[in-house]
1. What list of ³J(HN,Hα) couplings, whole Hz, do you get for segment 170-177 from phi and the Karplus terms 6.51, -1.76, 1.60, once you set θ to phi - 60° and write x for glycine and proline?
2. Taking the number of other C-beta atoms within 10 Å as the exposure measure, put 45, 63 in order starting with the fewest.
3. If you look for lysine pairs in segment 4-87 that are eight or more places apart or on different chains, how many of them have Cα atoms under 12 Å apart?
4. Which of 55, 147 comes first, and how do the rest follow, when ranked by fewest Cβ neighbours within 10 Å?
5. What FRET efficiency comes out for the pair residue 162/residue 81, r = Cβ-Cβ distance, R0 = 22 Å, nearest 0.05?
6. Sort 184, 32 by Cβ crowding within 10 Å, fewest neighbours at the top.
Amino acid sequence: MIDNSIIRKAKLGDEEAFNEILHEYENLIALKTRKYFIIGGDRDDLFQEGVIGLMKAIEAYNDEKASFKTFAMLCVKRQILTAISVDNTYKNKLLNQSMSDVYMTEDEDFSYSKQKSLTYYDPEELYLGKEKIQLLENYLENLLSPMEMGVFKKLEAGYTYIEIAELIGITKKASDNCIQRIKKKINQFLERYEAI
């Protein structure tokens, strides 16, 4: 059982105390990571994020406010969700959002529908996914106006609609409207593609 003296030692940098806490909580961290995944990552990546969350919990813990277990599990979960969120901001975010069946809910956790980890896709599914992305890119090159293509490229690079407006010299409203048109065209493509 972990008591406050062990937590204080770990907070002061005692490696043995930290290892004792980690040993006590590693199974709980593994359970927390079970329902999440990072595209292109594996369980160990999420477990490491959970350990970082545990380290942050040790650093920030105040025994007058909550039990350590409650606080630690909250920190672990937040760190895991932050890692997933950061991972979702990579270069081709718009393409991935348009093609993904992942939905966020207002509930405590993410809810996944029809989404599988890459380790569960067979080669045919991977090939068809790449083909779908290529078809979408070709479709957009032929359908988007020059301004829309410029905005799309900035979205791919991870810019917000406000940053895009500043970069290409248009109003925020024009930038937002352009993004909405792009999303509509992507959705039209997806509807046609699924109907084939």
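1. 10, 6, 4, 5, 5, 5, 5, 4
2. 63, 45
3. Count of close lysine pairs: 4.
4. Numbers: 55 19, 147 14.
Fewest-to-most Cβ neighbours within 10 Å comes out as 147, 55.
5. Efficiency for this residue pair is about 0.35.
6. Values: 184 10, 32 20.
Ascending Cβ contact count within 10 Å gives the list 184, 32.
No value in this document is a laboratory result; all are computed from the given coordinates. Since this is a predicted model, take the numbers as computed values, not measurements. Cβ coordinates were reconstructed from backbone atoms using ideal geometry, including for glycine residues, and neighbour counts include every protein chain displayed.
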